[in-house]
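Peer 1: Once you've had a glance at the structure underneath, I'll fire off some questions.
The values are calculated or read from the model by the stated rules, or taken from the named source; none is laboratory data. Just so we're clear, the structure is a prediction, and the values are computed from it rather than from any experiment. A quick note on method: Cβ atoms are made from the backbone with ideal geometry, for glycine too, and the neighbour counts reach across all protein chains shown.
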Amino acid sequence: MLPQRLKKTITDNPKKLANLIDLANLPSPVREFVGQSQISRLGCFFRVWSYIKENNLQARIKMEFNNIHGKPDANKNL
């Protein structure tokens, strides 16, 4: 079941939703990473995000971002 706000967004912007789920040709580096020559943008996003989560890269990216921008590092022990 979709929340009412999401239903309204989908019905008001069907073209934007279609852009997310239509197949797209992938450039060579992405094609090698995903293992397919065509995939939806949403599917590609999910593949990349799952790779980040499986390899625990999210914490490292956050730490590097904080170090670059001089913010205190709350995840120093990761």
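Peer 1: What pairs can you find where one residue is in the stretch 34-54 and closer than 20 Å to A18 by Cα, the other is surrounded by fewer than 15 Cβ atoms within 10 Å (Cβ to Cβ) and not aliphatic (A, V, I, L, M), and their Cβ atoms are less than 6 Å apart, with a gap of 6+ or different chains?
Peer 2: Sorted first by the residue in the stretch 34-54, then by its partner, the pairs are S37/R31; Q38/N25.
Peer 1: Tell me which helices (runs of 4 or more DSSP H) are completely within the chain and hold 2 or more residues being modelled with pLDDT of 85 or more and not aromatic (F, W, Y), or say none if there are none. Reasoning before the result, please.
Peer 2: Values: elements: 4-12, 14-21, 28-34, 41-54, 57-68.
Filter on the chain gives 28-34, 41-54.
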